[in-house]
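The values are calculated or read from the model by the stated rules, or taken from the named source; none is laboratory data. All values derive from a computational prediction rather than experimental measurement. Note that each Cβ is placed from the backbone with ideal geometry, even for glycine, and that neighbours are counted across all protein chains shown. The accessibility values were calculated without ligands, DNA or RNA, using every heavy atom of the protein model including side chains. Shrake-Rupley method; radii C 1.70, N 1.55, O 1.52, S 1.80 Å.
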Amino acid sequence: MLSLLVFFPLVVAAVLALARRMPPRVATGAWVGAAILETALTLVVVLGGSGAGTGAAGTGKDLAWEERIAWMPGVGASYHVGVDGLSTPLLLLTAVTFLACALWSLRDPDRPRQLAALFLFLQSVTVGTFVAQDLILFFIFFDLSIVGMYFVIAGWGHGDRRRSALRFFLYTFLGSLALLLGFIALYLGASPRTFDIPELIRAGSLAATPGLAIAALVAIVIGLAIKTPTIPFHTWLPPAHTDAPTTGSVVLAALLLKLGTYGFVRVAMPLLPEAWRALAPVVVAIGIVSVLLGALLALAQTNVKRMIAYTSINHMGYVVLAVGAAGLAGTDAVAARLAITGAVVQMVSHGLITGALFFLAGALRDRGGSYELGDYGGLAAVAPRYSAMFAVAAFASLGIPGLSGFIAEFQIFAGSIGAAGVVAVALPGILITAALFLRAIQRLLTGEVAGRAQGFTDLGRRETAVVGGLLVLSLLIGVLPGPLLALIEPASAQLAALLGGS
Amino acid sequence: MSAALLAVAVALPAVAGILLLVVGALGGSRRTERIGAPIGIAVAALALVAAILAALGRARLELPFLTARGAGATELRVDALAAPVLPLVAVIALLVLVFATGDATRPAGRFHGLMLLFSAAVAVTVTATDLAVLLFAWEVMGATSYALIGFRWREPARVEGGMVAFLVTRTGDLGLYLAAGAALAAGTGWRLDALPDAQGPWLAVLAAGILAAGLGKAAQLPFSFWISRAMAGPSAVSALLHSAAMVAMGGYLLLRMSPLLAASGWAAPVAAWTGAATAIALGVVALFQTDLKQLLAASTAAQLGFVVLAAGVGGTTGGTLQLIAHAATKALLFLVAGAWLTAVGTKEFAGLRGIARRWPVVGLVGTAGALSLAGIPPLSLWAAKDTVLAAALEQNPALYAAGLVGAALSAAYSGRMLALLWRPASRGIGGSGRDGAPEQHWDTEEKGTRRVSALAVAPMLVLAIAALGLGVLALPGPRSALGLAGDVEPAWPELLASAALAVVILLLALVRPPRPWALALDWFGMERAARRVLAAPTLRLADRLAAADDAFARLLDGGNTVLLRSAAVSARVDDAGAVGTVRRVARTTSALGTAARRSQTGNLYQYYLAAVVLLALAVLLLIVVR
């Protein structure tokens, strides 16, 4: 089932890539159809898998829909996939995000067939990363996502797109190589040697050599931190976002950044719990710096897309903060569990909200030809639907309750402060984010109609549906978080227990 | 049954409000314009009935869907403190919506939608029993208040006012996030009634967090200036948010948490003295305002000072009475100011001189409110304030004296307000006289309609009766019926002394209003100070950091090129013996990388080589160690 989920988009992508004669309409239709089918498959996986694995208590990981096929027995790598509460929320996010992108691109005239193939390829490797239970498999999917996104930015971007794409490729690729070094160290340190994640958790790796364990963790953390990105590894992100096409930015922010944070909870924390506890103060510090600096840098931006890109650094900083604090929680399993659950909710929430914001930024450029806040004014008068969507998305992003961001940030802060009081110094991040979004609302939407806002056409029905859909999901999580939390809790409790040393 | 009633009181306005907003935003604004007011009023009326019944039945409502399975369910509950406040907020919400309909606040769909959503958040705040739910509702109140203050978004100053109000109160709100973490660290959990059990430093952190949130929302020092900017909102908004609901919720939170403040040892006196200081400082500010709504705003902060003072000295009964009496009185006065603003297009006293003679009914109900605000016996705020002060006297005579000064100031600014509103326009009056006929100052803020509709007056009459009569709650009988018994009661000499003080000062202010004082008129420059000390440096820091960040990015770009060139030289590493795994990885990436290069200038080649070097190193490591 999971293999179908991983490879179905890839097969469609291959067909689209090879069928040179296919009319554009058919290609985009096939893309939307595939995205809908993939969403249905994801729902089956999530709903059907929630009860699975619970009987296998004591075996370490409780995975649902597990598949394992011998692949390279010589190096202890196998094709091993499976899902748990850390991955299923992200699978749902993946399906929703790509469906939204497919719908958004329905009338895109620029090489639609190739774009569809590329995005389906990206979907495949993203899903693959989230279900991989083998380090090599994880690494391959993780790396291929970089290649796919490189082509999206270089091929469909605007502005200085080649340079931005190159910078993106360079940074994240070097990051992934650091990750690979860490993975190889894990492999070598395990007995018997294996790349299999559950086996590594059970048997432990590098437990006898704490120094090496820390070195391996540092390599892994650097690799993931570049992808996340945290300060000071973030310089590739703003240009990549600014020059990427709208759907590219959406996938980059909503999903590719999550590959980094997902790596923390899937690989770094459970495989090297001792080293993680030792390194946790550093991780917390990086998180705090990312939260505060990300917010301040966003506050200084006048380009709305760059601004949203910097808020991503701030929002991912909350995740890093939380996973770091979980390592400091010691025996306080409640705080650790809350922080980890909050981190996973934040990944989903940020995906939905920032996805919506990047769609809206794209609509701004489509109509006005500029991302500059100062070029617009009084949009609420000419484009009420656009303005309502933007306002709701902004409030969601600044963490107003009723929308998903609050559920995430409240749990992250409560859990992290509960685990390590020093985290409280990151609280002003919430305030700065509020200030910058309110300022953006004020400049773009309110006042008299000015500049490029004149003659601005409001969102069409399809655009409204795409953005509205993401925001409705954010609202659902914000008002009824119970089901999502129930999905995540068992896995985060397990991870908290692993970290607690029990 | 009672659970269902509480659910109606909370969920009905929330759902109706969101529906009005969503339908309006998606293009149905013409429809919501027509049905907005009827729906808003009907829903508010139903919510009021449900709130009264829920209060009488001491309802509790479990919210299992908010938490994951197994984590203890959270609940809303109407306890002794919430029982009078929940219906109070509901009734004022209803009256204000009726007024807004008579006052033609437009667009009706968005206005009623936001107001309903806001009152739902208040209902949750009042009945919340744990920190998570409290913070949830607390922040929704803040967000809707932003939208309501900046309701007329075409005017930048109004949007800016909403932003200032939201950011300042949210600064205090961070305290609740902090408290939520501290409660976990202290091991008490989030239940509000368990928080005082915390020990050690976490107890202090908890108290500090709650105190900051309460003082911020209640517009106490040093946060007070936001309420001045909040006056940019429609009058109906001020009548609900800045009298009965949002500001009052700050005081309410501190009343509810007064055991925690007391347990911490230091937070209770800090709260008490902050309340007393606000009552005095903002009383002075109110005394020198030249704008009716600004006077009322400053007075709100000052009157809430008594509630906060009550929370600090453990006088929950007095605090609740003060909260209720002030809500009715101030809602009334804001409606009066709003009716005149609509009629003559200004809220400056220069244009309002003698206006009570022109609209005597409005003038008379306004006078009832002003007399209650002044603490004239036997009106509602007189007895309430003395109940607070009696509790203060038990703790500390200095606190009592400070409170009396605050009470005297209330009488003074109420007297000045009455003088301005009633004196014939021909006679100049301190600070606002000698500048021509009031008519010259009309229509300066908006175009006046020159009439006050009957629908706008009706709610004022109800509120006037409440402002006059709620004093009976201070009597032992009604008080114990409300479940508010068990506090210190004011002795007769104190009651008489404060009554005499109020009457004398009121008369004095009527006869000889004070000379203008620019510093007090400017709210002691609080907003400018906050901008200079906090906002401006933060923005400057952000700009500097952004410049530094750009330089850092350029540096990395340059550095990488050098690094990669040198790495390319040593790129001849034999990877012939590579193990299948890594080779496969290399081959895949290599193929894709080659493809990538085709679309590129030569640059990528170097980067790619560097990547191969690193990859080769990884392979080498694997081979050597195996």
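At a glance:
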{"quantity": "Spatial separation of Cα centroids for the range B:342-408 and the range A:448-502, in angstrom", "calculated": "47 Å"}
{"quantity": "Dipole axis of chain A (+1 Lys, Arg; -1 Asp, Glu on Cβ), positive-most option in A:I153, A:L499, A:I184", "calculated": "A:I153"}
{"quantity": "Gap separating the Cα centres of the range B:274-294 and the range A:140-173, nearest whole Å", "calculated": "59 Å"}
{"quantity": "Distance cut-off 27 Å, percentage of C-alpha pairs in the range A:1-131 lying past it", "calculated": "27 percent"}
{"quantity": "Range of Cα positions in the range B:130-521 per principal axis (Å), largest first", "calculated": "66, 52, 38"}
{"quantity": "Accessible surface ranking that places the most exposed of B:E489, B:E348, B:E75 first, with a 1.4 angstrom probe", "calculated": "B:E489, B:E348, B:E75"}
{"quantity": "Nearest-ten-degree value, helix A:428-445 long axis tilted from longest Cα axis of chain A", "calculated": "20 degrees"}
{"quantity": "Debye, to nearest 20: dipole size of the protein assembly as shown, +1 on Lys, Arg Cβ, -1 on Asp, Glu Cβ", "calculated": "2500 debye"}
{"quantity": "Heavy-atom accessible area per residue - the range B:1-129, 1.4 Å, Å²", "calculated": "39 Å²"}
{"quantity": "Ratio of the Cα radius of gyration of the protein assembly as shown to 2.2 N^0.38 Å, where N counts its residues", "calculated": "0.99"}
{"quantity": "Average projected area [Cα convex hull, the range B:434-479], square nanometres", "calculated": "6.0 nm²"}
{"quantity": "Which of B:W190, B:W340 is most accessible, then next, and so on - probe 1.4 Å", "calculated": "B:W190, B:W340"}
{"quantity": "Derived scalar couplings ³J(HN,Hα) [the range A:475-483; Karplus, 6.51 cos²θ - 1.76 cosθ + 1.60; whole Hz; x for Gly, Pro]", "calculated": "5, 4, 5, x, 8, 10, x, x, x"}
{"quantity": "Enclosed volume per residue, in Å³, of the convex hull spanned by Cα atoms of the range B:142-275", "calculated": "89 Å³"}
{"quantity": "Candidates per GluC sites (Glu not before Pro) in the range A:404-502, loop by DSSP, up to 16 other Cβ within 10 Å", "calculated": "A:E448"}
{"quantity": "Residues of the range A:422-460 buried by at least 40 Å² on assembly (accessible area, 1.4 Å probe, chain alone as reference)", "calculated": "A:L427, A:I430, A:L431, A:L438, A:Q442, A:T446, A:G447"}
{"quantity": "Cα convex hull volume per residue for chain A (Å³)", "calculated": "123 Å³"}
{"quantity": "Peptide ranges B:42-53, A:348-359, A:63-74 listed from the most packed, as the mean C-beta count within 10 angstrom indicates", "calculated": "A:348-359, B:42-53, A:63-74"}
{"quantity": "Lysine pair number, Cα distance threshold 18 Å (strictly under), the protein assembly as shown, separation 8 or more or different chains", "calculated": "8"}
{"quantity": "Computed helical MRE - 222 nm, chain A, DSSP H runs ≥ 4 contributing -39500 (n - 2.57), nearest 500", "calculated": "-23500 deg cm²/dmol"}
{"quantity": "Fraction of accessible area attributable to carbon and sulfur, the protein assembly as shown (%, probe 1.4 Å)", "calculated": "67 percent"}
{"quantity": "Selection from B:L501, B:A546, B:L521, by position along the positive dipole direction of the range B:482-550 (Cβ)", "calculated": "B:L521"}
{"quantity": "In order through the range A:66-80: 3J(HN,Hα) via Karplus (6.51 cos²θ - 1.76 cosθ + 1.60), integer Hz, x for Gly, Pro", "calculated": "6, 9, 9, 10, 4, 10, 9, x, x, 10, x, 10, 9, 7, 10"}
{"quantity": "For the range B:1-134, the spread of Cα positions along each principal axis, largest first, Å", "calculated": "45, 31, 24"}
{"quantity": "Förster radius 45 Å - calculated FRET efficiency between A:D160 and A:M1, Cβ distance, rounded to 0.05", "calculated": "0.55"}
{"quantity": "Computed accessible area, A:Y310, all protein chains, 1.4 angstrom probe, square angstrom", "calculated": "0 Å²"}
{"quantity": "Area of B:K217 that stays accessible when all protein chains are in place (1.4 Å probe, Å², to 10)", "calculated": "0 Å²"}
{"quantity": "Shielding of A:280-289 by partner chains, average beta-carbon count, 10 Å", "calculated": "0"}
{"quantity": "Size of the A/B contact, given as accessible area buried on both chains, probe 1.4 Å, in Å²", "calculated": "6900 Å²"}
{"quantity": "Net lengthening on full extension, B:L507/B:A204 (0.36 nm per residue, minus Cα-Cα)", "calculated": "104.5 nm"}
{"quantity": "Amide hydrogen neighbours beyond the local backbone of A:W71, cut-off 5 Å, H modeled", "calculated": "A:Y79"}
{"quantity": "Residue among B:I210, B:L254, B:G150 farthest towards the positive dipole end of the range B:131-288, charges placed on Cβ", "calculated": "B:G150"}
{"quantity": "Residues of the range B:130-521: accessible area per residue with a 1.4 Å probe, Å²", "calculated": "29 Å²"}
{"quantity": "Cα centre as origin, Lys/Arg/Asp/Glu Cβ charges: chain A dipole, Debye", "calculated": "1060 debye"}
{"quantity": "P(r), alpha carbons of the range B:254-314 - 5 Å bins starting at zero, rounded %", "calculated": "5, 24, 24, 17, 13, 10, 6, 3, 0"}
{"quantity": "5 angstrom amide H check on B:R423, placed H, neighbours 5+ away", "calculated": "B:G354"}
{"quantity": "Whole-number accessible area per residue in Å² for the range A:236-382, which is evaluated in the context of all protein chains at 1.4 Å", "calculated": "16 Å²"}
{"quantity": "Spin-label model distance (nm) - B:R30 vs A:V26, 7 Å beyond Cα toward Cβ", "calculated": "4.4 nm"}
{"quantity": "About the Cα centre, charge dipole magnitude for the range B:1-129 (Lys/Arg +1, Asp/Glu -1 at Cβ), debye", "calculated": "260 debye"}
{"quantity": "For B:534-546, mean number of other protein chain Cβ atoms within 10 Å", "calculated": "4"}
{"quantity": "Label-zone membership for the range A:434-461, site A:I36, 7 angstrom Cα→C-beta point, backbone N under 20 Å", "calculated": "A:461"}
